[in-house]
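Visitor: Just passing along the structure, written as structure tokens.
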Amino acid sequence: MRKPIPLRQLRIGMYVAGIDCSWFRSPFLKHRFLVTTEEQIDRLRRSNIHTVDIDPSKGLDTTSLPIAEDTLRGIGLLTSAQTPPIQEAPRSLELLAQELTVARDAREKLAQSIKAVFNEISKTGVARPEPVDEAVQEITIVTRTLSTHATFMAMSYGRELDASLNNHSLAVCTMAMIIGQALGYDLIKLRELATGALLHDIGLLQFPPHLLRTSTPLSGEDRSTFHHHPRLGAIAIEAQREFPQIVRRIAAEHHVTPDGQGYPPETSASSTAEESRIVMIADRYDELVTGFGGLQPLSSHAAIQQLFQEGEFGRLDLGLVSQFIKLVGIYPIYSFVELNTSERGMITTINPATLHQPIVALTYDETGSPYQNPLTVDLSNQSESPSRSITRVVTSEQEDASRAA
């Protein structure tokens, strides 16, 4: 099955079934191959290829389709097709909006602290443990006291084409801590994870500004330079002996993929720390929602789909990706969705047993007219026939969350 897509949507794990150019103008001898490296995509860009055909049956799709129920059940993300209704009452839209506002305010304050830390590192070339520890302490307080879902969405919201290394590091640190908490990490281990996540990209501070964070494609030469940042970051951290060794390892290993296709190549994929693999997932998620390196920015839902597919193909630790999805859902809270009935509403509660069937507060009927009062529907527990189901995510932007409230 061939499917045409713009080149900007092509990603590692997709199977190219055709290239929009004559064979003698193509950078490849064959027009059918599995994309395994960013260099292959970069060669297509340099050849002014704008469209390719992919075969979703042989590789990743563009994440528009839901994860199959059999697959979810196979990795423990779907426990039973006949799950009893959720006992916890869903939060009101007003409460969710309030929690999101608090989380966004906290994010803005944290962003200022992180900016100060990175400005000092950029000027001095030294990552002093004291200001880093203070920033980690602030992030720890936020992740342990505020709503996980509101914090997650606050870190994702409005990040399209955000080229700020400060904001990226904050988002990766926060999401890594959320995963670590779910895995039962103690406070000491959480702080080490958070420190490594915050500093995972400091090697980029030794590069020209255009390589720090970019929303445009990297040239082949720039990409080769970019691949040195894990090693440089690890060296900078090693110079400050107060940091635990796991912090250095996270910086060194956060691009070493389980399938051995990552970098640096001298690091064995089988020997990486769990903390490094957690940071890799948080890092990749933020790349997808911001559109790093010329990618098309994805919604939270689509980015989660992409993470799952990359986990299946061995690019990410599938067990940890599954844990991440259990936390935030296939359809994260605050996502604005459309049902098969054409009704629209906001996800308010995740059903842990059937993640593809959350609770939705419907705010617009099938004609697009607002309901006088939101209609709460548990998609996992319905008596009507035909039953309601989600057909697409309209958006995860906060303006729609506010509109729903």
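Visitor: Within the stretch 297-373, considering only strands (runs of 3 or more DSSP E) that don't extend past its boundaries, which have at least 3 residues that are in contact with a Lys or Arg (Cβ under 8 Å, 6 or more places away or on another chain) and modelled with pLDDT of 90 or more?
Guide: 336-339, 359-364
One line per residue, one yes/no per condition, for (1) within 19 Å of the chain's Cα centre (by Cα); (2) modelled with pLDDT of 80 or more; (3) assigned by TED's automatic domain parsing to the domain that holds T216:
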{"site": "L78", "(1), (2), (3)": "no, no, no"}
{"site": "T83", "(1), (2), (3)": "no, no, no"}
{"site": "E108", "(1), (2), (3)": "no, yes, yes"}
{"site": "A116", "(1), (2), (3)": "no, yes, yes"}
{"site": "L146", "(1), (2), (3)": "no, yes, yes"}
{"site": "H149", "(1), (2), (3)": "yes, yes, yes"}
{"site": "M155", "(1), (2), (3)": "yes, yes, yes"}
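Visitor: Do we have S322 as closer than 21 Å to V172 by Cβ, among the polar types (S, T, N, Q) and out of contact with any His (no Cβ under 6 Å at 6 or more places or on another chain) here?
Guide: yes
Visitor: Filter the stretch 265-296 for residues that are modelled with pLDDT under 95, surrounded by fewer than 21 Cβ atoms within 10 Å (Cβ to Cβ) and assigned to a helix (DSSP H, G or I) and give the result.
Guide: A269, S270, S271, E287, G293, G294 - these are the residues of the stretch 265-296 that are modelled with pLDDT under 95, surrounded by fewer than 21 Cβ atoms within 10 Å (Cβ to Cβ) and assigned to a helix (DSSP H, G or I).
Visitor: Being buried (at least 22 other Cβ atoms within 10 Å of the Cβ) and free of Cβ contacts under 8 Å to residues at least 60 places away in the same chain, is that true of even one residue in the stretch 211-219?
Guide: No.
Visitor: Quick check on my filter: what residues within the stretch 278-313 are over 26 Å from T391 (Cβ atoms) and of a type in the set (A, V, I, L, M)?
Guide: Hits for the stretch 278-313 are I278, V279, M280, I281, A282.
Visitor: Follow-up question, since we're still on this one. Among the residues in the stretch 250-264, are any in a helix (DSSP H, G or I) and touching a strand residue (DSSP E or B) at 6+ places or on another chain (Cβ under 9 Å)?
Guide: No, because not a single residue in the stretch 250-264 is in a helix (DSSP H, G or I) and touching a strand residue (DSSP E or B) at 6+ places or on another chain (Cβ under 9 Å).
The values are calculated or read from the model by the stated rules, or taken from the named source; none is laboratory data. Computed from a predicted model, the values in this text were never measured in an experiment. As a convention, Cβ positions derive from the backbone with ideal geometry for all residues, glycine included, and neighbour counts pool all protein chains shown.
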